[in-house]
Amino acid sequence: MSKKHKAHLPKRHEPKAPSRSDVGTATNSIEWVRRTLTAEFLTDAHLGSGSGGGGIDALVARDRHGRPVIWASHIEGVLRDAARRLRSDEEAGRLFGRAGGESQRAVFTSLYARENTESHVWRSTAREAFDNRAPKDDTLRVIEYVPKGTKLVGEVELPANQMSTLQRLVQEVDALGGGRSTGTGRVKLSLSDAANTPRTTGSPTGRLTLLLKNRDPLCITATATPDNLIPSLAFVPGRTLLGAFAAWLIAEGERDAASLLTSGRVSVSDALPLPSAPTNLDGVEVLPAPLSLQSEKPKGAAGDVPWWAHPPSPTRRFDAWSASEKLKRPEDDLFVYRASANDAWTTFSPARRVRLRNGRPDPEQADTSLFAIEQIVEETYFLAELRGSREDLKKLASKMAPVLEGRRWLRVGRAGAPVEVAQLAWSGYASATKTTDQPLLTLTSDLLVRDEYLRWRTAMDADTLKALLGDDVQLGKSLQDSVMIHGFNGTSRLWRMPAAAIRRGSVFEVSGAGIAKLVERAAKHEWLGERTHEGFGRFRLDATLPGVTGEAPASSSRLTVAADIAEEAIALKAQDWFKTHKSLAESGGGNDRKPSLSQWLDLVGDLERDDANALKSRLNPTTVGGKCWKHRDAKAILDKLNNVQAPQRKLRARLFVRWLRADLRKGAR
């Protein structure tokens, strides 16, 4: 290392991040800062997603809005590598954490593009030999790049005494993305002050409602034994959120405040997703879809018209107990939501996606292992609440003021994704409302209850209800299921013992003289079963089943049936085009040369990137290679695409090429 570089290194005697042994003694005096991290590319860059499609072998990673993104794990890995080169593995571990040891002090968000820029596609092959420029068979690679000049922005949160180290590491990084050794991905990284206006936390009461937002994709592992795919829950369990709060307090040296959570004096509910950010937290209600809220099964249609060509119909949801036909049970990730008591219930599912990753489960493993991880997409909103005495919540709020004011992040889920408090509201207990003599009791979270032999119950029967609510409440018909509960203690770094629970969404019809007491108990949020401070055992009482509206969801993140039917109709039209101009798939030469399959794929790629000259350059070719587009049938297809409206043009071209490629492969066999 040159003397010039050594002169810029921070001194070795700067305060280091506290280890696990001295956490809780001196960390509460550390000042934390937040900075904006900006990456401006000086050359084209490939921000790999690990997947391909549409004739492209390697696509660029994109966020929920389809814009390029640099995942936080890549930023952290590049900066960690720079820290190892400049200093040592020990210094890198202090800032970025160690496996099975110190947690990471610097928290990064991914870098997101503010706008969707046009991407570039580059092709390359390997040579047959050093002195032979002929391409080697089966080596053609088509890779998507973001153009130079693209800017992506994220944030980082870390102790102020480590800011000089981060600034030095940022100066050291000169490339990001794949293929950095070949000159691609040259970047200018810079740090600047982040705009942050703290909010007021208000006057504490016995109930605190929080609106949370994940800044990065969030994975809440749904099983203790993942395979090649690590599945994620569609919500944040109360035990996970409680652990995030407690871990933050312990890291800040506030063990007494953390004990309010771990001892059960303050309870934390599940953080359930919302379709969008509400303007006001008062009256917002969200719950897992009741198991008896079921929808119609697809019905057959007579005639020659296939099912996908029929006009779409809205999803109708019914109470399974009042329906005479067999219905389809709700999906595991379906939720019921309304913004206020005067609004109608709507159903929705939070957006989730699968991301490919490379990792080393064993640090001594030479090669990385490819695996997939399911994640809740970034910028998803969640609703959660904390319950306790006014004194306990006041103490907890004072110690967690940086989080509640929006100055600090929580770390939640696998790899500790940053989660911020977007809004908060204090309120008291709700008054008990009159309901019917036979209300529906719906579990809004999993219920943990044991039998007389201390075994976990997986179903609610009359004896279980008697043990929970007494003799004054009788159980009628029910629709219920069971689920396994797994967990991991990040402080002890040990797995929690698994438990069996009665699944959230289970519905029971109850009656008896004790209904009035049960209504009052629900209003005071006195929950059922064990570990209620971790979010278990929550329930609600309704006269009618929530969500029985017979209308389609007002907001949903998953693809709609209407979009599927529209695509199938366009595919049918594209097939008609292909049948009319089938000569494009037949062999021909000489003056009858037609565009090759790769040229058709180039056209599709240009249309999907919204290239304004995609059709114009082919209708009026100026190069020798482009003259094949003057073929009669090829020109006819271009004219038809030119007459199609822009939103459908790219889809129709892609589906036409799909028919063409299938016929070419059939002829090759």
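Within the stretch 484-529, if we keep just the residues that are within 30 Å of the chain's Cα centre (by Cα) and either of a type in the set (Phe, Trp, Tyr) or assigned by TED's automatic domain parsing to the domain that holds Leu233 (or both), the residue that is modelled with the lowest pLDDT turns out to be Phe488. Restricted to the stretch 226-237, and to residues there that are in a loop (DSSP other than H, G, I, E, B) and within 14 Å of the chain's Cα centre (by Cα), the residue that is farthest from Asp332 (Cα to Cα) is Pro231. If the condition is being touching a strand residue (DSSP E or B) at 6+ places or on another chain (Cβ under 7 Å) and either of a type in the set (S, T, N, Q) or closer than 15 Å to Arg180 by Cβ (or both), then the stretch 75-94 contributes only Ile75.
Could you name every one of the strands (runs of 3 or more DSSP E) located completely within the stretch 323-416 that has at least 3 residues being charged (D, E, K, R) and touching a residue at least 12 places away in the same chain (Cβ under 8 Å)?
Working: elements: 335-338, 346-348, 352-359, 369-376, 381-387, 410-412.
Those strands (runs of 3 or more DSSP E) span 352-359.
Taking the listed residues Thr532, Thr549, the one that is at pLDDT 90 or above and either not hydroxyl-bearing (Ser, Thr, Tyr) or not assigned by TED's automatic domain parsing to the domain that holds Ala258 (or both) is Thr532, with no other qualifying.
To keep it simple, each residue is scored yes or no on (1) outside any strand (DSSP E or B); (2) free of Cβ contacts under 8 Å to residues at least 60 places away in the same chain.
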site	(1), (2)
Ala82	yes, no
Ala92	yes, yes
Arg133	no, yes
Val142	no, no
Glu155	no, no
Leu158	no, no
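Answer with yes or no whether Asp542 is in contact with a strand residue (DSSP E or B) (Cβ under 6 Å, 6 or more places away or on another chain), acidic (Asp, Glu) and within 25 Å of Ser322 (Cα to Cα). In short, yes.
Of all the residues in the stretch 377-391, those that are acidic (Asp, Glu) and either closer than 18 Å to Glu252 by Cα or under 21 Å from the mean Cα position of the chain (by Cα) (or both) number 2. Does the stretch 593-616 contain any residue that is touching a His at 6+ places or on another chain (Cβ under 6 Å) and touching a residue at least 40 places away in the same chain (Cβ under 8 Å)? Within the stretch 593-616, one or more residues are touching a His at 6+ places or on another chain (Cβ under 6 Å) and touching a residue at least 40 places away in the same chain (Cβ under 8 Å).
Would you point out which residue out of Leu208, Leu189, Leu233 is over 21 Å from Leu370 (Cα atoms) and either among the hydroxyl-bearing types (Ser, Thr, Tyr) or touching a Phe, Trp or Tyr at 6+ places or on another chain (Cβ under 8 Å) (or both)?
Result of the check over Leu208, Leu189, Leu233: Leu208.
Against the conditions (1) more than 30 Å from Asp392 (Cα to Cα); (2) surrounded by 14 or more Cβ atoms within 10 Å (Cβ to Cβ), Thr182 satisfies every one except (2).
Here the stretch 322-333 is the region considered, the condition is being farther than 11 Å from Gln294 by Cα and surrounded by 13 or more Cβ atoms within 10 Å (Cβ to Cβ), and the residue that is farthest from the chain's Cα centre (by Cα) is Asp332.
Residues that are surrounded by 14 or more Cβ atoms within 10 Å (Cβ to Cβ) and free of Cβ contacts under 8 Å to residues at least 40 places away in the same chain, at least 2 per element: which strands (runs of 3 or more DSSP E) completely within the stretch 440-485 meet that? It would help to see each step written out before you state the result.
Working: elements: 440-443, 474-479, 482-485.
The strands (runs of 3 or more DSSP E) meeting that bar are 474-479, 482-485.
One residue alone among Thr223, Thr240, Thr200 is more than 22 Å from the chain's Cα centre (by Cα), hydroxyl-bearing (Ser, Thr, Tyr) and outside the structural domain of Asp63 (by TED's automatic domain parsing), and that residue is Thr200. Residues in the stretch 252-287 that are more than 19 Å from Arg387 (Cβ to Cβ) and either surrounded by 20 or more Cβ atoms within 10 Å (Cβ to Cβ) or among the hydrophobic types (A, V, I, L, M, F, W, C) (or both): Glu252, Gly253, Glu254, Pro273, Leu274, Pro275, Ala277. Based on this model, can you work out whether Leu386 counts as in contact with an Asp or Glu (Cβ under 9 Å, 6 or more places away or on another chain), surrounded by 16 or more Cβ atoms within 10 Å (Cβ to Cβ) and either modelled with pLDDT under 90 or outside the structural domain of Gly48 (by TED's automatic domain parsing) (or both)? Against the criterion (in contact with an Asp or Glu (Cβ under 9 Å, 6 or more places away or on another chain), surrounded by 16 or more Cβ atoms within 10 Å (Cβ to Cβ) and either modelled with pLDDT under 90 or outside the structural domain of Gly48 (by TED's automatic domain parsing) (or both)), Leu386 does not qualify.
When you scan the stretch 53-60, do you find a residue that is at pLDDT 75 or above, of a type in the set (D, E, K, R) and not assigned by TED's automatic domain parsing to the domain that holds Leu370, even just one?
Keep residues of the stretch 53-60 that are at pLDDT 75 or above, which gives 53-60.
Subset that is of a type in the set (D, E, K, R): 57.
Now restrict to residues that are not assigned by TED's automatic domain parsing to the domain that holds Leu370: 57.
Looking for residues that are at pLDDT 75 or above, of a type in the set (D, E, K, R) and not assigned by TED's automatic domain parsing to the domain that holds Leu370, one finds at least one in the stretch 53-60, hence yes.
Scanning for something farther than 22 Å from Phe108 by Cα and among the acidic types (Asp, Glu), does the stretch 246-253 turn up at least one residue? Among the residues of the stretch 246-253, not one is farther than 22 Å from Phe108 by Cα and among the acidic types (Asp, Glu), which makes the answer no. Taking the stretch 139-154, which residues are surrounded by fewer than 22 Cβ atoms within 10 Å (Cβ to Cβ), closer than 21 Å to Arg123 by Cβ and touching a strand residue (DSSP E or B) at 6+ places or on another chain (Cβ under 7 Å)? Of everything in the stretch 139-154, those that are surrounded by fewer than 22 Cβ atoms within 10 Å (Cβ to Cβ), closer than 21 Å to Arg123 by Cβ and touching a strand residue (DSSP E or B) at 6+ places or on another chain (Cβ under 7 Å) turn out to be Leu140, Arg141, Val142, Ile143, Pro147, Lys148. Would you check if Arg558 is in a loop (DSSP other than H, G, I, E, B) and at pLDDT below 90? Criteria met by Arg558. Restricting attention to the stretch 505-518, does a residue exist that is in a strand (DSSP E or B), under 23 Å from Ala222 (Cβ atoms) and of a type outside the set (Lys, Arg)? Yes, there is a match, as at least one residue in the stretch 505-518 is in a strand (DSSP E or B), under 23 Å from Ala222 (Cβ atoms) and of a type outside the set (Lys, Arg). Exactly one residue out of Ser164, Ser181, Ser119 is out of contact with any Leu (no Cβ under 6 Å at 6 or more places or on another chain) and free of Cβ contacts under 8 Å to residues at least 40 places away in the same chain: that is Ser181.
The values are calculated or read from the model by the stated rules, or taken from the named source; none is laboratory data. Everything quoted here is computed from the prediction, not taken from an experiment. When we count neighbours, we look across all protein chains shown, and the Cβ atoms used for this are built from the backbone with ideal geometry, even at glycine.
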